[in-house]
């Protein structure tokens, strides 16, 4: 069975900062089960209906304008740390 992590991407664009900074990433776990970190992650835009999966949690990310283009990279890295095989991009918001 593939392990997936569902997440909501909240993109808060604070403005054109002069220097890039690390984004704020928050995780809300849905299970107490711990998985080994993974090396490869599939990026999905809808929940899969053709296979079973375990939803590990939600990842929320807060970015500034200079890190916007790397949002998926930051989220996939966090998903790998949590042991996910895939992540599901559920939505995004801008401020």
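The values are calculated or read from the model by the stated rules, or taken from the named source; none is laboratory data. Just so it is clear, the structure is predicted and the values come from calculations on it, not from any experiment. Cβ sites come from the backbone with ideal geometry, for glycine too, and all protein chains shown count toward neighbours.
Being modelled with pLDDT of 85 or more and surrounded by 13 or more Cβ atoms within 10 Å (Cβ to Cβ) narrows it down to one of 11, 56, 63, 4, so name that one.
56
Pick out the one residue from 46, 31, 76 that is assigned to a helix (DSSP H, G or I) and at pLDDT below 90.
Within the list 46, 31, 76, the selection yields 76.
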